[in-house]
Structures are given as structure tokens and as C-alpha cells.
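Working notes for the structure below.
The values are calculated or read from the model by the stated rules, or taken from the named source; none is laboratory data. These figures come from a predicted structure and were not determined experimentally. When we count neighbours, we look across all protein chains shown, and the Cβ atoms used for this are built from the backbone with ideal geometry, even at glycine.
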Amino acid sequence: MDTNTFQGFPSIVYTSCDFATFDENNYFANFHYYEVFDETKEYSKKTFKHDYGYGNRNYQFCLYEFRNILDNAIKKYVVVNEILTGEERWKLKDYCGCKYCLSDDNKKMFMDQGNYSCLLDTDIELDSFDQKVIDDTRERMKLGLLSVVKKEVKKEVNLENDHWSILSLMGICIVVSAYFLIKTI
Ligand SMILES: [Zn+2]
């Protein structure tokens, strides 16, 4: 095997599993494309544009190496990881469909946003977002479903507006009572 080709992948995921129950279709269900690693094939090490049925997107190949827990046999697969552009992330973030954004506040207290591939987390690199989160978020953007975080910001603005209307209402009351007070005197 050409170890240079193997090592040259931008990212490699090592994991172990039981080959007897391992289901590749299920495991890679959220990826836009995967195939059994072919050592005779040249896999691009750079970001490339391709339409795998999800529109023309930026991708990078990633190697997955599975080790059988029973006999250490190895299976390798190549998958595509979508690489977002800064502009795409900026557009998507307000509709983020990650588990963190979709959870209610009580649960959020025990959750770390960064662990859920949240598009609002600026510490996550553009090549490290979970494909399912990206796809779910695109779907939410199409439907115009803003993320909870964004809704909360809107709610605060509304509360501020409510605050001012209450204040102006109180002002009117004071003026009216003062008018009647003066009149009765
Ligand atoms: Zn999120």
C-alpha cells in the first residue's frame, strides 16, 4: 500500500467497532458521499467543488479507518466532508439547527455549544462542521426557521419596546391625573 497517499489525507478518523454488526450505510448516512478506500486511486488532498446531489459544494476527502474489536482487522472508507465558506457560515448561523440551539434553556445549562457543531460557535473551524447540522440548517433557512438564540435576541428587542410603551402609558396617566388634580383645586 502507498502509505504516502494514505497519510496525505487532510484528516483521518480512527475508530473501532464490531464488524459483525457494523453497517456502513447507517454509519455514513449523514455524509454526502462515501466509498470503500481504493488504494489504487488518487484522492485529491485539496478542497474541491462537486455536486453529490446536494448542490455544488466545497468538499475535502477524509479517511475513516475502522478496527474490528475481535481480531484487529481493518476496513477503510473515504468520505467527503463539506467545507463551508465564511460567507455561507455567516448566512446559515441565524438558522442553526444543532442540538444545542434546538434544546430548551434548562437543558442548555448542561450542554457545551462547541460539542454540537453549532454554527454560532466561532471557535469551530469552517472545515469541522457536522454535515447533518449543515444540512438541517440549510433546510431551516429555506423554511425561514430562525434559531432559538436569534429568536431570544428578537424577544429582548420586543421587551425593550414594551418597556417604552409602558413608560409612555404611565406618563400619560400622570399628565391626566395632574390635570384633574389642578381642575379640582
Ligand atoms: Zn447551534
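Of all residues in the stretch 117-134, which are surrounded by 15 or more Cβ atoms within 10 Å (Cβ to Cβ) and either of a type in the set (D, E, K, R) or touching a Gly at 6+ places or on another chain (Cβ under 7 Å) (or both)? Scanning the stretch 117-134 gives 121, 124, 127, 130, 132, 133. Residues in the stretch 132-148 that are of a type in the set (A, V, I, L, M, F, W, C), under 16 Å from residue 81 (Cα atoms) and either within 8 Å of the ligand (Cβ to nearest atom) or out of contact with any Leu (no Cβ under 8 Å at 6 or more places or on another chain) (or both): 133 only.
Return the residues of the stretch 16-35 that are without any contact (Cβ under 8 Å) to a residue 60 or more places away in the chain and out of contact with any strand residue (DSSP E or B) (no Cβ under 6 Å at 6 or more places or on another chain); say none if nothing qualifies. Within the stretch 16-35, 18, 20, 21, 22, 23, 24, 25, 26, 27, 29 qualify.
Being of a type in the set (Asp, Glu), in a loop (DSSP other than H, G, I, E, B) and outside the structural domain of residue 21 (by TED's automatic domain parsing): is that true of residue 139 here? So residue 139 fails the test. Is it the case that residue 112 is in contact with a strand residue (DSSP E or B) (Cβ under 9 Å, 6 or more places away or on another chain), closer than 29 Å to residue 9 by Cβ and not aliphatic (A, V, I, L, M)? It is false that residue 112 is in contact with a strand residue (DSSP E or B) (Cβ under 9 Å, 6 or more places away or on another chain), closer than 29 Å to residue 9 by Cβ and not aliphatic (A, V, I, L, M). Note on the stretch 110-131: among residues that are in a helix (DSSP H, G or I) and within 12 Å of the ligand (Cβ to nearest atom), the one that is nearest to residue 30 (Cα to Cα) is 116. Somewhere in the stretch 98-109, is a residue more than 12 Å from the ligand (Cβ to nearest atom), under 11 Å from the mean Cα position of the chain (by Cα), assigned to a helix (DSSP H, G or I) and surrounded by 15 or more Cβ atoms within 10 Å (Cβ to Cβ)? No, the stretch 98-109 contains no residue that is more than 12 Å from the ligand (Cβ to nearest atom), under 11 Å from the mean Cα position of the chain (by Cα), assigned to a helix (DSSP H, G or I) and surrounded by 15 or more Cβ atoms within 10 Å (Cβ to Cβ). Of all the listed residues (86, 55), the sole one being over 14 Å from residue 132 (Cβ atoms), within 14 Å of the chain's Cα centre (by Cα) and of a type in the set (Gly, Ala, Ser) is 86.
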